[in-house]
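Enquirer: One structure, as C-alpha cells, below. Some questions next.
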Amino acid sequence: MKIDELKHAGLKKWIEEAVTLMTPDAVEVCDGSQAEYDRMIKILVDGGLATPLKKRPHSYLFRSDPSDVARAESRTFIASKNQDDAGPTNNWTDPDKLKKEMSDLYRGCMKGRIMYVIPFSMGPVGSNIAKIGVEITDSAYVVVNMHIMTRVGTKVLDVLGGDGFFVPCYHSIAKPLAEGESDNGKWPCEPDVNKKYISHFPDTYEIWSYGSGYGGNALLGKKCLALRIASVLARDEGWLAEHMLILKITNPEGKVKYMACAFPSACGKTNLAMLIPTLPGWKVETVGDDIAWMKFGADGQLYAINPESGFFGVAPGTNDHSNYNAMQSIRENTIFTNCGLTEDGDIWWEQIGHGAPGKEIIDWKGRSKPAPQDDKIPKGEGAEPIAHANARFTAPARQCPVIAAEWEDPKGVPISAFLFGGRRPATVPLINQSKNWIHGVFMGSITGSEITAAALDLAAGTIRRDPFAMVPFCGYHMGDYFKHWIDLGKKAEAEGHGDKLPKIFFCNWFRKDKDDKFMWPGYGENSRALAWVFDRCDGKDNCVETPIGNLPKPNAIDPPEGVSAGAMAELCSVDIEGWKKEIADVRQNHYPKFGDKLPKELYAELDAIEKRLNG
Ligand code: GTP
Ligand code: SPV
Ligand code: MN
C-alpha cells in the first residue's frame, strides 16, 4: 500500500514528516499478510541476518550485535513536561530538548533503506479495550516480529478510519546504508549503548526509539506502548495496564477462575502462564504471558485482556520439563534470537534438556564451539554460555497447546486474584494473602527481586525493589501509580463492589537454602500454591493470620516430592527477624524515594506491620 491511499489525514501527514526527516529510499505500508511476512523473511535471509532452521518449519535464527541483547534501562526516557510527573524511578529529560536531540539523529537515518509503516492493534482488532499504534521502522526484523506479537495491517487501518486515535511510534536502527552497501550478515544497530534512545512522551502519547533493534526497545507495541504509554492512559481513564500474565485455572470440580500475576522480567511469567499442574485434576490454560490490560465492567468485576498476540519468551531454561507448552508453541513459525545453532540445523540453549548433537555448535556470537555434551550452564572463569542468557523466541500465541478458548474475547476475562512475586532467596514465603486491598497494594509496592539478564545495564544477581514488577515500565510517577491502585479499590468499595475486587497474594518460588539450592522445585509444582489461592478466593478456611498476611495452615499445601516437611514449614512461615529488616529497608531506603507522593495509606500499612512484628 502507498501513503496516498491512506484515509487518515493525520497519519498521512505524520508519515510524510518522518519521510522528510529520515529520507528512506522507499516507503511501504504493511498489510499484515503472510505474503508480506515471507517477503520480509526473504530480505532478512538474503541479507545474511536470518538462518532458516532445517528442523523447524518456517523458523529462523537471528544473532544480534553484542551491544543489543536486552532492554537498555539507562537509555529509556520518560520525557514529561513536568519532571515531577516522571518520578524517581524513571530517567527524565525535557521533551523539547530530547526531540531536538533525536531529530538531529533521525535526520537521514534511513538512507539506503526502506521505511516500513506498521499499523497495529494491541488487543483484538475493534475491541473497546484495544488501542491502535503505528510504528515506523527501517528494520524488516521488527516487521516480522510485530506480525507475530501484535495484530498488523489493513484491518487495523479500517478500524482507525479517517480520524481515529493512534499512538505514533518512530523506530530506527540507526544504520543508514551507503550506495551499494548491504548488511552482509551483520545485525544493524547503533553499537554504542549510550547513543541508543527509547523515549516516551506521555503528555502527547508518543514513542521515539533509536539505535536498538532488540525486543522491547524496538517492538514498540510491547513495553513502550502497552505498558509505559498505556499506564498513563490507564491512570487518566481509570483502568490498569500491568506487567502481568493472565491464566485460567480449572479445579477438579470443573470450576474456573482467572488470575493475573506480576513478576519482574525473567522471573517466571511465561512459565506460570503455561504450567502443567502436578496436582491431579487441576488444569491451567494461557490467556497472556506478559501484559494485562484491565477494566471494570458494569457489573463491578475487573476484566482483563492480553493486548499481545504472541510470546517473546526467554529461551534458556525452557525445556520439555520446565515448560512443555512453550516447547510445543515454538515448533514452527518461530523467530529465535541469540540462541545456539546445531550442526543439524536446530536451535540450542543452556538447560534445553539435552546436550547438542554433532561435534560443533555455533554460539550466539557466531563462533564455532565444541558441541556441549550436557545442557548445564558453563561455570568458572571465562566460561561463556552458547546462548545469550536473554536469548528469546517469538512465537504466535495461537500455537500454544493450552491457549484458553477465550484468549481473544474482546470483553476480557474476570480476574479473581492478583499475585505479586520475584526472585527472593530469603525472607519472603512461598505464598501469602494480603489482609485486604490496601495491604495488597502495600505488598505490591514493596516487591523486590534479584536482577536478571533481561536488562542490559544492571548488575545481575543483586536485589532491587521492583514495585508491581513495573519499575522499568511505569510511564509516570510511581507514587501516583500506588495512589491509582488505592483509588480503584476505594471506588469499587464505595460502589458496593468491594467483594468483587481481586484478592491479592504475594508469592516466591525462589527461596534458597544454606547450600544456595532452590528450596522449592517450582514450575508445575507451583500449581500447589495456585490451588491454595483458588480455594482462598472461595473463602476456604485454609490459612492462618500472621503479622505479614494470611499464610497456609500447616498441611494446607502438600509438599511436592523432594521437599521435606521441615522445609515446607519454613517456606510457609514468617521469618520475623528477616521481615523486621525488610520493613526497616522499606522505611529507610525505599519509601523515601517517592517523597510526598507516597500515599499516606501505605505508611499506615508500614506502621501497622512493624507493630505486628514487634508485638
Ligand atoms: P519476561 O519475558 O522477561 O518478562 O520473563 P518472564 O517473567 O516471562 O520469565 P520466564 O517465564 O521466561 O522465566 C525466566 C526464567 O526463570 C527461565 O529461565 C525459567 O526457566 C525460570 N523459571 C521460571 N519459573 C520458575 C520456577 O518456578 N522456579 C525456578 N527455579 N525457575 C523458574
Ligand atoms: C521483559 O524484559 O520484561 C520482556 C522482554 O518481556 S522485552 O520485550 O524485551 O521487554
Ligand atoms: Mn516482560
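The values are calculated or read from the model by the stated rules, or taken from the named source; none is laboratory data. Just so you know, these numbers come straight off a predicted model, no measurement behind them. Ideal geometry is used to build each Cβ from the backbone, glycine not excepted, and the neighbour counts take in all protein chains shown.
Matching residues to (1) of a type in the set (Gly, Ala, Ser); (2) closer than 28 Å to SER74 by Cβ; (3) modelled with pLDDT under 95:
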{"site": "ASN145", "(1), (2), (3)": "no, yes, no"}
{"site": "ARG151", "(1), (2), (3)": "no, no, no"}
{"site": "PHE166", "(1), (2), (3)": "no, no, no"}
{"site": "PRO176", "(1), (2), (3)": "no, yes, no"}
{"site": "GLY185", "(1), (2), (3)": "yes, no, no"}
{"site": "HIS200", "(1), (2), (3)": "no, yes, no"}
{"site": "TYR210", "(1), (2), (3)": "no, yes, no"}
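Enquirer: Among (1) more than 16 Å from ligand 2 (Cβ to nearest atom); (2) out of contact with any Pro (no Cβ under 8 Å at 6 or more places or on another chain); (3) within 25 Å of LEU302 (Cβ to Cβ); (4) not hydroxyl-bearing (Ser, Thr, Tyr), which single condition is GLY444 missing?
Expert: Single failed check for GLY444: (2).
Enquirer: Ok, one more. Could you tell me whether GLY216 is closer than 17 Å to CYS474 by Cβ, modelled with pLDDT of 95 or more and within 12 Å of ligand 1 (Cβ to nearest atom)? Spell out how you get there, then give the answer.
Expert: Values: closer than 17 Å to CYS474 by Cβ: yes; modelled with pLDDT of 95 or more: yes; within 12 Å of ligand 1 (Cβ to nearest atom): yes.
It is true that GLY216 is closer than 17 Å to CYS474 by Cβ, modelled with pLDDT of 95 or more and within 12 Å of ligand 1 (Cβ to nearest atom).
Enquirer: Another one. Here is a check on your reading of the model: is ALA315 over 23 Å from PHE62 (Cα atoms) and small (Gly, Ala, Ser)?
Expert: Values: over 23 Å from PHE62 (Cα atoms): no; small (Gly, Ala, Ser): yes.
Criteria not met by ALA315.
Enquirer: Could you name every one of the helices (runs of 4 or more DSSP H) located completely within the stretch 1-93 that has at least 3 residues being under 30 Å from ALA266 (Cβ atoms) and outside the structural domain of LEU598 (by TED's automatic domain parsing)? Steps first, please.
Expert: Numbers: elements: 9-22, 34-46, 83-86.
So the answer is 34-46.
Enquirer: Moving to a separate point now. Tell me, which residue of the stretch 308-328 that is more than 13 Å from ligand 2 (Cβ to nearest atom) and not in a helix (DSSP H, G or I) is surrounded by the most Cβ atoms within 10 Å (Cβ to Cβ)?
Expert: SER309
Enquirer: Let me ask something else about it. Tell me, which residue of the stretch 300-315 that is of a type outside the set (S, T, N, Q) and within 15 Å of ligand 3 (Cβ to nearest atom) is farthest from PHE336 (Cα to Cα)?
Expert: Applying the first criterion (of a type outside the set (S, T, N, Q)) to the stretch 300-315 yields 300, 302-305, 307-308, 310-315.
Next, only the ones that are within 15 Å of ligand 3 (Cβ to nearest atom) stay: 307-308, 310-315.
On the way: PRO307: 22, GLU308: 18, GLY310: 13, PHE311: 11, PHE312: 9, GLY313: 10, VAL314: 10, ALA315: 8 Å.
The extreme case among them is PRO307.
Enquirer: Closer than 30 Å to PHE482 by Cβ, modelled with pLDDT of 95 or more and either touching a strand residue (DSSP E or B) at 6+ places or on another chain (Cβ under 7 Å) or not aromatic (Phe, Trp, Tyr) (or both): is that true of LYS581 in this structure?
Expert: It is false that LYS581 is closer than 30 Å to PHE482 by Cβ, modelled with pLDDT of 95 or more and either touching a strand residue (DSSP E or B) at 6+ places or on another chain (Cβ under 7 Å) or not aromatic (Phe, Trp, Tyr) (or both).
Enquirer: Can you tell which of ALA453, ALA492 is part of a loop (DSSP other than H, G, I, E, B) and either in the same structural domain as LYS593 (by TED's automatic domain parsing) or within 19 Å of the chain's Cα centre (by Cα) (or both)?
Expert: ALA453
Enquirer: Considering only the stretch 378-390, state which residues are more than 16 Å from ligand 2 (Cβ to nearest atom) and surrounded by 15 or more Cβ atoms within 10 Å (Cβ to Cβ).
Expert: Within the stretch 378-390, PRO385, ILE386 qualify.
Enquirer: Taking the criterion of being in a strand (DSSP E or B), crowded, with 22+ Cβ neighbours inside 10 Å and more than 16 Å from ligand 1 (Cβ to nearest atom), would at least one residue in the stretch 250-262 satisfy it?
Expert: The answer is yes, given that some residue of the stretch 250-262 is in a strand (DSSP E or B), crowded, with 22+ Cβ neighbours inside 10 Å and more than 16 Å from ligand 1 (Cβ to nearest atom).
Enquirer: Sticking with this one: In the stretch 358-398, which strands (runs of 3 or more DSSP E) lie fully inside it and hold 1 or more residues that are without any contact (Cβ under 8 Å) to a residue 40 or more places away in the chain and out of contact with any helix residue (DSSP H, G or I) (no Cβ under 9 Å at 6 or more places or on another chain)?
Expert: Details: elements: 360-362, 368-370, 392-396.
Strands (runs of 3 or more DSSP E) meeting the threshold: 360-362, 368-370.
Enquirer: Then there's this: Could you please find all residues in the stretch 256-276 being away from ligand 3 (no atom under 16 Å from the Cβ) and touching a strand residue (DSSP E or B) at 6+ places or on another chain (Cβ under 6 Å)?
Expert: Of everything in the stretch 256-276, those that are away from ligand 3 (no atom under 16 Å from the Cβ) and touching a strand residue (DSSP E or B) at 6+ places or on another chain (Cβ under 6 Å) turn out to be VAL256, LYS257, TYR258, MET259, LEU275.
Enquirer: Does ASP289 count as within 16 Å of ligand 2 (Cβ to nearest atom), of a type in the set (Asp, Glu) and farther than 30 Å from MET110 by Cβ?
Expert: yes
Enquirer: Here's a follow-up. Which residue pairs have Cβ atoms under 7 Å apart, sit 6 or more places apart or on different chains, and have a first residue in the stretch 517-538 that is at pLDDT 95 or above and a second that is within 16 Å of ligand 2 (Cβ to nearest atom) and assigned to a helix (DSSP H, G or I)?
Expert: Filtered contacts from the stretch 517-538: TYR523/ASN271; ASN526/LEU272.
Enquirer: State all residues of the stretch 403-448 that are within 16 Å of ligand 3 (Cβ to nearest atom) and either surrounded by fewer than 22 Cβ atoms within 10 Å (Cβ to Cβ) or more than 16 Å from GLY578 (Cβ to Cβ) (or both); if no residue qualifies, say none. Please lay out each step first, then the result.
Expert: Restricting attention to the stretch 403-448, the residues satisfying the condition of being within 16 Å of ligand 3 (Cβ to nearest atom) are 419-423, 447.
Matches in the stretch 403-448: LEU419, PHE420, GLY421.
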